[in-house]
Amino acid sequence: QVQLVESGGGLVQPGGSLRLSCAASRNIFLFSAMGWYRQAPGNQRELVATITSGGRTNYVDSVKGRFTISRDNAKNTVYLQMNSLKPEDTAVYYCNADTPRFHYWGQGTQVTVSS
């Protein structure tokens with residue numbers, strides 16, 4: 001059983017920063033890709049960022065230049081560094097991991113950007 005555990009969410013001021021962490025219960029180099037999604041109340045879940053096993057990254061346009069996804073294979077952890085946060089970034093952020101057969105999800109961590 002693969003588990004993904006997110007941490008690092010919280011309340012920040014506009015313009016502030018947070019770093020989310022996603023710790024996996026197995027070696028993350030075995031995953032084809034890992035990523036972060038977010039869902040605000042009343043909205044569909046949105047893909048935010050992905051990173052492949054080869055290190056290629058992709059971002060939704062609204063976070064380009066502000067968010068950075070990275071991976072530490074030795075720690076079995078994927079990170080999402082979020083800078084210049086805006087109120088519209090407020091959402092529950094979910095970690096995911098993909099294999100050729102399965103798609104895994106974390107429990108989510110709340111990010112709130114507000115004055």
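The values are calculated or read from the model by the stated rules, or taken from the named source; none is laboratory data. For clarity, every value in this text was computed on a predicted model and none was experimentally measured. Surface accessibility is based on the protein's heavy atoms, side chains included, excluding ligands, DNA and RNA. Shrake-Rupley method; radii C 1.70, N 1.55, O 1.52, S 1.80 Å.
All Cα-Cα distances of segment 9-58, cut into 5 Å bins from zero to the largest, leave 4, 15, 19, 24, 20, 11, 7, 0 percent in each bin in turn. For segment 51-90, the alpha carbon positions stretch 33, 18, 13 Å along the principal axes, listed from largest to smallest. Here the chain has 46 percent of its accessible surface on carbon and sulfur atoms, given a 1.4 Å probe and all protein chains in place. Inter-part distance, segment 38-115 to segment 13-33, computed on C-alpha centroids, equals 7 Å. Binning all Cα-Cα separations of the chain at 10 Å, short to long from zero, yields these whole-percent fractions: 15, 50, 29, 6, 0. Given a 10 angstrom Cα cut-off, can you work out which residue in Asn43, Asn96, Asn76 is the most mobile in a GNM of the chain? Result for the chain, Cα springs under 10 Å: Asn43 fluctuates most. Per residue, the solvent-accessible area of segment 1-79 (1.4 Å probe, heavy atoms of protein chains only, all protein chains present) comes to 55 Å². Each residue of segment 77-91 was assigned a 3J(HN,Hα) from its phi angle through the Karplus expression (A = 6.51, B = -1.76, C = 1.60, θ = phi - 60°), giving 9, 10, 10, 10, 7, 10, 10, 6, 5, 10, x, 5, 7, 4, 4 Hz with x at Gly and Pro.
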